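Let me begin by presenting the structure, written as structure tokens, before commenting on it.
The values are calculated or read from the model by the stated rules, or taken from the named source; none is laboratory data. Keep in mind that this is a model prediction, so the values were computed, not measured. Every residue, glycine among them, receives a Cβ derived from its backbone with ideal geometry; neighbour counts consider all protein chains shown. Ligands, DNA and RNA are stripped out before the accessible areas are found, and what is left, the full protein with its side chains, is counted by its heavy atoms. Shrake-Rupley method; radii C 1.70, N 1.55, O 1.52, S 1.80 Å.
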Amino acid sequence: MAATAREDGAGGQERGQRGCEHYDRGCLLKAPCCDKLYTCRLCHDNNEDHQLDRFKVKEVQCINCEKIQHAQQTCEECSTLFGEYYCDICHLFDKDKKQYHCENCGICRIGPKEDFFHCLKCNLCLAMNLQGRHKCIENVSRQNCPICLEDIHTSRVVAHVLPCGHLLHRTCYEEMLKEGYRCPLCMHSALDMTRYWRQLDDEVAQTPMPSEYQNMTVDILDCEGFDCS
């Protein structure tokens, strides 16, 4: 017997209440893995010991008339609009945020579509201003964020592309800058430090060398090929 909105995954959601903290939608997804009703896959995954495969969702329940029906944009019983945006591949229902489904990414992205391009090597949609101006790393988005260790490719958090080509969640990137400026994977600068280095050079140039050191030279040992630890 199918679960009702007040029983399983909906978490006591009242009839007619739209969506959850993640999405604005007028229906509940019937999870094909456990037959429970959840507002979205994230709500499901937060409450179950398994993940909901969004692509296998076949049925939804209207939040108004509670009719369970084939996944579609509008209720066949009471004409409730389940989502201003609907993707029949990802079964994503939400407010219109200029979303588009990227066939190469395999999921929906927030647009508008014309502001992004899909880099085939990185295997990720990137802003148009990065076209021809970013360092490609093969399948970079299929790696977890090195800060929070959570998925980047399917995350609802925007990814930030570092000059070295590695990706971080934008929120993780902003937190990282409070402690340092290097990529946690390759240790290259995560920012354009040119202005800062120039400022340091100017400060050094304006600092007079003490007279006892003005004509002093030192030999620098190159450790390459030797154990200098």
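Would you pick out the residues in region 104-140 that are touching a Gly at 6+ places or on another chain (Cβ under 8 Å), open to solvent by 20 Å² or more (accessible area, probe 1.4 Å) and not charged (D, E, K, R)?
HIS134, CYS136, ILE137
Say whether the condition of being basic (Lys, Arg) and surrounded by 15 or more Cβ atoms within 10 Å (Cβ to Cβ) is met by at least one residue in region 88-102. Even if it seems obvious, please write down each step before you answer.
Taking region 88-102 as the starting set, the residues that turn out to be basic (Lys, Arg) are 95, 97-98.
Filter again for surrounded by 15 or more Cβ atoms within 10 Å (Cβ to Cβ), leaving none.
No; the residues of region 88-102 include none that is basic (Lys, Arg) and surrounded by 15 or more Cβ atoms within 10 Å (Cβ to Cβ).
Any chance you could count how many residues in region 159-183 are open to solvent by 30 Å² or more (accessible area, probe 1.4 Å), closer than 16 Å to CYS125 by Cα and part of a loop (DSSP other than H, G, I, E, B)?
Summing the residues that are open to solvent by 30 Å² or more (accessible area, probe 1.4 Å), closer than 16 Å to CYS125 by Cα and part of a loop (DSSP other than H, G, I, E, B) in region 159-183 gives 1.
Please work out which residue is farthest from LEU124 (Cα to Cα), limiting yourself to region 141-158 and to residues that are among the charged types (D, E, K, R) and open to solvent by 70 Å² or more (accessible area, probe 1.4 Å). Explain how you work it out, then say what you get.
Just the residues of region 141-158 that are among the charged types (D, E, K, R), to begin with: 142, 150-151, 156.
Those still in the list that are open to solvent by 70 Å² or more (accessible area, probe 1.4 Å) too: 142, 150, 156.
On the way: ARG142: 9, GLU150: 17, ARG156: 14 Å.
That would be GLU150.
Results for (1) touching a Phe, Trp or Tyr at 6+ places or on another chain (Cβ under 9 Å); (2) in the same structural domain as ALA71 (by the TED database); (3) within 30 Å of LYS58 (Cβ to Cβ); (4) aromatic (Phe, Trp, Tyr), shown as yes or no for each residue.
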site: HIS118; (1), (2), (3), (4): no, no, yes, no
site: CYS122; (1), (2), (3), (4): no, no, no, no
site: LEU126; (1), (2), (3), (4): yes, no, no, no
site: LEU168; (1), (2), (3), (4): no, no, no, no
site: MET187; (1), (2), (3), (4): no, no, no, no
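Output the residues belonging to region 75-86 that are more than 18 Å from CYS20 (Cα to Cα) and crowded, with 16+ Cβ neighbours inside 10 Å.
Listed by number, the list holds a single entry, CYS75.
Please go through region 36-50 and pick out each residue that is open to solvent by 20 Å² or more (accessible area, probe 1.4 Å) and in contact with a Cys (Cβ under 7 Å, 6 or more places away or on another chain).
CYS43, GLU48, HIS50
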